[in-house]
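To start, the structure under review is shown below, and the notes come after it.
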Amino acid sequence: MRALLALPLLLAVTAPATAADPPKRPNILLVYADDQSTKTVGCYPEAWPWVKTPHLDALAASGVRFRGAYLGGWCMPSRASILTGRQPHGIQSMRMEGKYPGSAYDPKQCPFWPATFRASGYHTAQIGKWHTGTDAGWGRDWDYQVVWNRPKHPDNAGAYYEKQVLAVNGEEKTVEGYPADNYTKWAVDYVKGANRDKDKPWFLWLCYGSVHGPSKPAARHKGLYKDAKVPEPADLLGPWPGRPEYWNDTSAWRKDKDGVVRAGKSGEKVGDEAGGKGTVFADWVRQVNECVPAVDEGVGELLKALKETGQLENTLVVYTADQGFAMGEHGMRMKIAPYDANYKSPLIVSMPGTVAAGKVCPQAATAPDLVATFFALAGVKPPAGPFALHGRDLAPLLKDPAAAWPHPCLYEHTGHDYGDDVAKVLKDDPKGATYQRVPWYTAVVQGGWKYVRYLRPGVADELYDLGSDPDELKNLAAEPKHAAKLADLRAALAAELKRTAAPAGMLPGR
């Protein structure tokens, strides 16, 4: 009898386990700064030596710092690519309309992928700047949203550092305070569990407005770098023989009679205290950098909240910016142009135990690559057909940043045009393929080289050896000894454009 009584217990011990619980789905935190050069992030080797970003540096030490990202030529296409996982030429119905920055899209022709994550069980949130149509997607793409919708409120569209008209889950209100600090507070509250279903994994897109002009630092950071030494880029002032003609049109700096370099050559107003005289170059660089600590502190608060709530190991943290911003390089004070100084933004990815720690990846990524990575990590089936993602899952590089990566990095500039409108311009008015004085272009980066093909007729190709010439000072496209490299990269560009169903007018040879 005793043996019979013991049998159930024995069976309980030795019977095979039932199906294991499914693995816990990861959270995703995407932090987006605005107009940020890699020179403003301390862990990047090109940063000024006096730059202090301890929390971003700590994030890089816990994960992978990519060479950079090519997310978009300016605010709207960058964000459109992040929301769709597609290059601008493959995004239908997106358009500018009305008073700048007015814009619109048809959500049936241009669905945003956070809605797919919602349908698959994720809680989705967006906090901060919005520059992609007056429809910000609350209730369709986002479960929770605190949005500064610039297209919807053009008269408040310049309020990067002052009171803002915000919509909290669709209800509009005017909010005082330094916006970067406000966004951080709301994001930290969300990470800690406020305004979300705690039983669901979550995706949060946190969109800071810093360091976008007029680049007003928080009061506590103003003057932080007042004594910093700012070297002038080698090509800050022209002339620029052999370079594209548009360089003269985009030149932003001049030397006054006292030999001081100031802003204003091409008419832009820079800074907020120049008194109409044009901000001194070094002062402007310092001012822009003084906007970064508020964002860096925000990242620190978010990482602290993740750790305190036990979510750090189950959260993919991505830090990047919508695009870079030239700070005197090539004589410019702008984004959009195809050079790393203008276009490339920082990219740091961390998830302890999943992503390699303290590593540097020599590759660059695109917005579609990030989106493809999110889908793969979350185990969500990506869209197909006309909405298929253009990117590649970066998981192999997150595991081994030195792994072989045969894929070219494609990026482009088609101004404020998207989808079929790109093909129409190239067919009907190719000479009009220019935006903010920069001709449209496509470009690829692969194996330490960059090839740029302009889409406006008459503008010569460019080829750069980024290893020996990271500042892109010498165009090698016309040198016979680099003809084979030029041909290889042209072929790579053509293959990427065909893979992403680009219109014929974008392809080399057309």
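Can Leu56 be described as closer than 27 Å to Leu497 by Cα, assigned by TED's automatic domain parsing to the domain that holds Arg150 and at pLDDT 95 or above? Judged against the criteria, Leu56 is not a match.
Taken over segment 382-404, the residue count meeting the criterion of being surrounded by 19 or more Cβ atoms within 10 Å (Cβ to Cβ) and in a loop (DSSP other than H, G, I, E, B) is 5. Restricting Arg499, Arg456 to residues that are at pLDDT 95 or above and closer than 23 Å to Cys75 by Cα narrows the list to Arg456.
Would you confirm whether or not segment 370-377 contains a residue that is over 28 Å from Pro457 (Cα atoms) and of a type in the set (Phe, Trp, Tyr)? Looking through segment 370-377, at least one residue is over 28 Å from Pro457 (Cα atoms) and of a type in the set (Phe, Trp, Tyr). The residue list Thr354, Thr414 contains one member that is surrounded by fewer than 23 Cβ atoms within 10 Å (Cβ to Cβ), out of contact with any Cys (no Cβ under 6 Å at 6 or more places or on another chain) and among the polar types (S, T, N, Q), which is Thr354.
Counting the residues of segment 182-236 that are without any contact (Cβ under 8 Å) to a residue 60 or more places away in the chain and among the hydrophobic types (A, V, I, L, M, F, W, C) gives 3. Would you be able to say whether some residue in segment 199-208 is within 19 Å of Glu313 (Cβ to Cβ) and of a type in the set (Lys, Arg)? Yes, some residue in segment 199-208 is within 19 Å of Glu313 (Cβ to Cβ) and of a type in the set (Lys, Arg). Do we find that Lys335 is charged (D, E, K, R), part of a loop (DSSP other than H, G, I, E, B), in the same structural domain as Met76 (by TED's automatic domain parsing) and surrounded by fewer than 20 Cβ atoms within 10 Å (Cβ to Cβ) in this structure? Here the answer is no, as Lys335 does not meet what is asked.
Take Leu30 and decide whether it is out of contact with any Asp or Glu (no Cβ under 9 Å at 6 or more places or on another chain), assigned to a strand (DSSP E or B), of a type outside the set (Val, Ile, Thr) and modelled with pLDDT of 90 or more. So Leu30 passes the test. Checked against the criterion of being modelled with pLDDT under 95 and buried (at least 20 other Cβ atoms within 10 Å of the Cβ), the candidates Thr315, Thr279, Thr320 yield just one match: Thr279. Going residue by residue through segment 108-121, is there one that turns out to be in a strand (DSSP E or B) and under 22 Å from Val191 (Cβ atoms)? No, because not a single residue in segment 108-121 is in a strand (DSSP E or B) and under 22 Å from Val191 (Cβ atoms).
Taking Gly193 and the conditions (1) part of a loop (DSSP other than H, G, I, E, B); (2) surrounded by 21 or more Cβ atoms within 10 Å (Cβ to Cβ), which numbered condition does it fall short on, given that it satisfies the others? In the conditions (1) part of a loop (DSSP other than H, G, I, E, B); (2) surrounded by 21 or more Cβ atoms within 10 Å (Cβ to Cβ), Gly193 misses (2) alone. Being small (Gly, Ala, Ser), assigned by TED's automatic domain parsing to the domain that holds Arg437 and under 16 Å from Ala433 (Cα atoms) holds for only one residue in Gly448, Gly458, Gly467, and it is Gly458. How about segment 466-508: which of its residues are outside any helix (DSSP H, G or I) and in contact with a helix residue (DSSP H, G or I) (Cβ under 8 Å, 6 or more places away or on another chain)? Leu466, Pro470, Asp471, Glu472, Leu476, Ala477, Thr500, Ala501, Ala502, Pro503, Leu507, Pro508 - these are the residues of segment 466-508 that are outside any helix (DSSP H, G or I) and in contact with a helix residue (DSSP H, G or I) (Cβ under 8 Å, 6 or more places away or on another chain). Checking Leu370, Leu394, Leu398, Leu377 one by one, the residue that is under 16 Å from Leu316 (Cα atoms) and free of Cβ contacts under 8 Å to residues at least 60 places away in the same chain is Leu394 and no other. Can you find even one residue in segment 68-88 that is polar (S, T, N, Q), closer than 24 Å to Tyr183 by Cβ and either at pLDDT below 95 or not in a helix (DSSP H, G or I) (or both)? Checked segment 68-88: no residue is polar (S, T, N, Q), closer than 24 Å to Tyr183 by Cβ and either at pLDDT below 95 or not in a helix (DSSP H, G or I) (or both).
Per the listing Asp461, Asp428, the residue uniquely surrounded by fewer than 20 Cβ atoms within 10 Å (Cβ to Cβ), closer than 25 Å to Pro233 by Cα and without any contact (Cβ under 8 Å) to a residue 60 or more places away in the chain is Asp461.
Kindly evaluate Ala119 against the criterion of being under 24 Å from Phe375 (Cα atoms), among the hydrophobic types (A, V, I, L, M, F, W, C) and more than 21 Å from the chain's Cα centre (by Cα). It is true that Ala119 is under 24 Å from Phe375 (Cα atoms), among the hydrophobic types (A, V, I, L, M, F, W, C) and more than 21 Å from the chain's Cα centre (by Cα).
The number of residues in segment 128-175 that are buried (at least 19 other Cβ atoms within 10 Å of the Cβ), of a type in the set (A, V, I, L, M, F, W, C) and within 22 Å of Gly193 (Cβ to Cβ) comes to 5. When Asp249 is tested against the conditions (1) loosely packed, with under 15 Cβ neighbours inside 10 Å; (2) modelled with pLDDT under 95; (3) part of a loop (DSSP other than H, G, I, E, B), the lone failure is (3).
The values are calculated or read from the model by the stated rules, or taken from the named source; none is laboratory data. All values derive from a computational prediction rather than experimental measurement. Virtual Cβ from ideal backbone geometry, glycine too; neighbours counted across all protein chains shown.
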